[in-house]
Amino acid sequence: MEKATDFIGRFNHVPLLIGNQWTGSGGNDTTPVYNPSKGQVIAHTPSGIAEDVDRAVKAAKDAFPSWAAVPAPKRADTLFHYRELLAQHMEHIAWLITLENGKTMEEARGDIRRGFEVVEFACGIAHLTKGENLGQLAAEIDGLTMREPLGVCVGISPFNFPAMVAMWMFPLAIACGNTFVLKPSEKVPLTALYLADLLVKAGLPAGVFNVVHGGREVVEALCVHPDVAAISFVGSSEIALRVYQLGTSRGKRVQAGGGAKNVHIVMPDADFDSAVRAVVGAAFGCSGQRCMAGSTLMIPNGTDAAFLQQLKEAVDQLLVGDTTGQLDVQMGPVIDGQARDRISDTIQHAVSQGAKAMSDGRTHQDTDGFFLLPTLLDEVSPDMEVFHREVFGPVLSIVHTSTLDESIRLANKLPFGNGATIYTSNGGAARKFAREMKCGMIGVNVGVPAPMAIFPFSGWNQSFYGDLHLQGTEGILFYTRQKVLLSRWDTNYERINGW
Ligand code: NAD
């Protein structure tokens, strides 16, 4: 079993994977990969050029006909083998995620486990791609549907879940018989390479899965490439929309997850102990760098004082620090110095607009890593920028409202639509919330209502562009197209054959 440290040591530079061969980029520029806990550069990602994309797409295109012809149960065999390899290497992958992303080990294990569950789901591909049929739908005519793969599919992933988000995409795409080109975030390329290496070891034929690197130039080359059939993107909303427009205007299928601002409402009748635990986990887990981060807390009249006191005590006790090899740390750094400075500026701006910093994350003393402490901004109002903008860091905005109705009305003004949670012991309040919130994932006493592999990741509004979401059976529909077959056979075959 190869350790992650040995795996990284195999390469002088971050390589591309094309046709099951590790290879270099045609370009010379690179961007640094940091260990965010220490602020040290640990690798360099090639900035990539359009010619890299051409090579990878060609390998994927050449591999498509034979991979698509492999019977679905045989494709599943490769995925079962991949599942075994992932299970054996889970801890190494988690360690690699802490190294390049800065998550705690526990968060990193969650990241890979959620991806692992998608592989398990994809192992059922024969069942998942079965069609429908109606015998004798007209005289001597039978009808049935078949689902067929699309061709070369592309995945473009963000930095915050180096394993899970890429694994929302490629296990389903290749299980359906497509070939794939992954473009991971340039900030966290190593986890993707480790996942790719295990796919090769699982016996995936050359060209079925390929990896390229880079930023805008490479992403746009993928989106406009004539041999690419479908694009899965996850990242910030502005880029999600751009990718969606580039792809769909060329007739490609696109599913594009964007940014978010997820509201939590704590009702006066909630169980405060468990609500505090859930709100802290949702707001500060992964240092707030989650598209399901509970970044806005609304507290209607009656909840205020006692709950906020309990919340502040829990937040101030969180152990923040270097996550590489430190198992007791509860919150790590943010991804890089730029993110830390942007979040600090956001806190400053909110305070200048009248928010009260109950806990101020800018007081962290570490000068090497990219750290902020968890921040509580009280008395945030809907006219402040911090109310509308995704912060993507360890900052919780607290908004005082009068009623559940007012909370829902304000939450529905936000431009995003990933998740929202209510904490209550009243079924009527929970039901009203679930029905009236304009977003795709609802939690009732659940801090992060992120669905597991069998359900779609159902963003709305600026949190998702497209129709069929990532994961679950919608993922299978996205990566296949339907064919309807009508056949007429004369059952009087003996006469026809002259028997
Ligand atoms: P990002 O948008 O900066 O980058 C995402 C991907 O796009 C990366 O692979 C990156 O290399 C590429 N990219 C960067 N700039 C580009 C450009 N100008 N043109 C084309 N491609 C470009 O996002 P990030 O900072 O890596 O990730 C954080 C964002 O992702 C947050 O907004 C978060 O909410 C969102 N996110 C959304 C979901 C979801 O399911 N909706 C899940 C995870 C993260």
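Observations on the model:
- Over the range 340-442, the hull volume per residue, using the convex hull of the C-alpha atoms, is 117 Å³.
- For the chain, adding -39500 (n - 2.57) for each run of n ≥ 4 DSSP H residues and dividing by the number of residues yields -12500 deg cm²/dmol at 222 nm.
- Carbon plus sulfur fraction of accessible area for the range 262-444, probe 1.4 Å, in percent: 47
- Estimated translational diffusion coefficient (Stokes-Einstein, Kirkwood radius over Cα pairs, 25 °C, 0.890 mPa s) of the range 319-383: 193 µm² per second.
- Label-point separation, PHE11 to VAL351 (7 Å along Cα→Cβ), nm: 4.1
- Report note on the peptides 249-258, 184-193, 306-315: ranked by the mean count of other C-beta atoms within 10 Å, highest first, their order is 184-193, 249-258, 306-315.
- Across the range 262-444, Cα-Cα distances exceeding 27 Å account for 22% of all pairs.
- Part-to-part distance (alpha-carbon centres) for the range 429-499 and the range 299-366, which is given in Å: 38
- When the inverse distances between all different Cα atoms of the range 369-495 are averaged and flipped, the Kirkwood radius reads 18.1 angstrom.
- Above-threshold pairs, the threshold being 19 Å between Cα atoms, out of LYS58/LYS252; LYS103/LYS183; LYS356/LYS438: LYS103/LYS183; LYS356/LYS438
- All Cα-Cα separations within the range 111-151 were binned at 10 Å from zero, giving a P(r) of 23, 31, 25, 13, 6, 1, each value a whole percent of the pairs.
- Label-to-label distance for ASP368 and ASP77 is 5.0 nm, based on points extended 7 Å past Cα in the beta-carbon direction.
- Taking the convex hull of Cα positions in the range 134-286, its mean projected area over all directions (nm²): 15.3
- Residue order by solvent-accessible surface for LEU150, LEU373 is LEU373, LEU150, largest first, with ligands and nucleic acids left out and a 1.4 Å probe.
- Share of Cα-Cα pairs in the range 81-147 lying beyond 15 Å, as whole percent: 65
- Considering only Cα atoms, the convex hull volume of the range 283-365 works out to 123 Å³ per residue.
- Average projection area in nm² (convex hull over Cα atoms of the chain, one quarter of hull surface): 26.6
- Helix 50-69 and the long axis of the chain differ in direction by around 50°, with both axes built from C-alpha atoms.
- Packing rank of 82-91, 99-108, 488-497, where each peptide gets the mean count of other beta carbons within 10 Å, highest leading: 99-108, 82-91, 488-497
- Sparse-neighbour loop sites [trypsin sites (Lys or Arg not before Pro); the range 1-74; at most 16 other C-beta within 10 Å; DSSP]: LYS3, ARG10
- Rounded to whole Å, sorted largest first: equivalent-ellipsoid semi-axes of the range 59-115, Cα gyration tensor: 31, 14, 8
- Scoring 232-239, 316-323 by mean Cβ neighbours within 10 Å over their residues and listing the highest first yields 232-239, 316-323.
The values are calculated or read from the model by the stated rules, or taken from the named source; none is laboratory data. Please read these numbers as outputs of a predicted model, since none were measured by experiment. So basically every Cβ, Gly included, is an ideal-geometry build from the backbone, and we count neighbours across all protein chains shown. Keep in mind that these areas ignore ligands, DNA and RNA; they rest on the heavy atoms of the full protein, side chains included. Shrake-Rupley method; radii C 1.70, N 1.55, O 1.52, S 1.80 Å.
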